[in-house]
1. Which FRET efficiency value, to the nearest 0.05, is calculated for residue A:177 and residue B:26 with the Förster distance at 45 angstrom and r the Cβ-Cβ distance?
2. How big is the gap, in Å, between the Cα center of region A:50-117 and the Cα center of region A:132-161?
3. Suppose R0 equals 45 Å. What FRET efficiency, 1/(1 + (r/R0)^6) with r the Cβ-Cβ distance, do residue A:130 and residue A:60 give to the nearest 0.05?
4. Which order results if A:51, A:149 are arranged by neighbouring Cβ count within 10 Å, fewest first?
5. Once a ≥ b ≥ c are taken as the square roots of the eigenvalues of the Cα gyration tensor of region A:78-154, is the result rounded (a/c under 1.5), prolate (a/b larger than b/c) or oblate (a/b not larger than b/c)?
6. In deg cm²/dmol, rounded to 500, what helix-only [θ] at 222 nm does chain A give when every DSSP H run of at least 4 residues adds -39500 (n - 2.57) and the total is split over its residues?
7. Work out, step by step, the length gained on full extension between residue B:18 and residue B:222: first 0.36 nm times the residue separation, then minus their alpha carbon distance; give nm to one decimal.
8. So what's the projected area for the protein assembly as shown, the Cα convex hull averaged over all directions, in nm²?
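Where a number appears in this text, it was derived from the coordinates with a stated rule and is not lab data. The structure displayed is predicted, hence computed values, not measured ones. Neighbour counts run over all protein chains shown; Cβ positions are idealised from the backbone, glycine included.
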């Protein structure tokens, strides 16, 4: 039991999520030797990839002889538990995953999918990166982003508040505000 | 005498038709301008306090999460009954709304059982569908939207981004012009839009179909002055 606890403590997982999308170029980028070596060098022990509708299946590894343990799956009804137990999250640019990760105060690298037709998603990732809430990368710059990242430079995101919008709706409709 | 008679007769049936068409169009234009003007005005004091039936248009993933954050702070008993609509291909969003409604029920935030209804709507275009086949599917989606709107005739419409809200808002606007139902249309632009409005928001803003439009980033407020910026939902 004590050993299992010890194991859990020393476990530092990188969780990769693409949501319901197909984002093979991200999974491929994460699965490269240089990225995996860099993550291991930075002290991460496990790499767990949620690969969505993608067809590229990363090579699993048990993590013997001094390398990352790699595992993957397609979907889960809730990724909250995975996010919670992760030490670093690498995510697609969907606003759902971004804000769920930020709310859990986990270090986050958002990778923008450049193959999407209407690529407005980069707007959000870039804005939040500019405000230092996360790191923003492309599949081809992921390795460099990981190598250069300084987790200490990240500023925790203050969750928004819907109350002011509700207040305006109420006053427009003449409802009492309480 | 003869001359003036001729003059009277010169108003031929065809020019009468033309005149009445022009008159009709002018009347409609005046009506539309009046509707747009009145839409920007708050609800009149006399009708206050009565609860308003509310249509909530849900999008996928991130959109729904934003809407849920807003719904959580609204006075449930003022916005009742609530009708949730999501795309027929999106089961997750309605499920999340159902979970939300039952959590309100168990917390006592909602008084009556059955004050919420859940519906699906055909989408005019799926991601990746070709533009040619989407003409047919758009017509089907429009007919379906009209059918739903006739059934619901909501007093309030809340939407935050998915394209599915456009036919519903357009029909609600036409209902306003025809005097069938007055709906207050609120649109909250998705938090994912930082520098440019989505096509849905742009349409509702430019055609002045949304009574009030909210954006979640100050950059957009400075570009679109009639929009409101009062912080973020997420």
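1. On the way: r = 41 Å, r/R0 = 0.91.
Plugging the Cβ-Cβ distance into 1/(1 + (r/R0)^6) gives 0.65.
2. Spelled out, the Cα-based centre of one part sits 14 Å from the other.
3. Numbers: r = 36 Å, r/R0 = 0.81.
Plugging the Cβ-Cβ distance into 1/(1 + (r/R0)^6) gives 0.80.
4. Details: A:51 23, A:149 17.
By the 10 Å Cβ count, ascending: A:149, A:51.
5. Numbers: a/c = 1.55, a/b = 1.17, b/c = 1.33.
Since a/c reaches 1.5 but b/c is at least a/b, the shape of region A:78-154 is classed as oblate.
6. Details: 8 runs with 67 residues, N = 178.
One gets -10500 deg cm²/dmol as the mean residue ellipticity at 222 nm.
7. Details: separation 204, 0.36 × 204 = 73.44 nm, distance 4.44 nm.
Answer, rounded to one decimal: 69.0 nm.
8. Numbers: hull surface 112.7 nm².
Result: a mean projected hull area of 28.2 nm².
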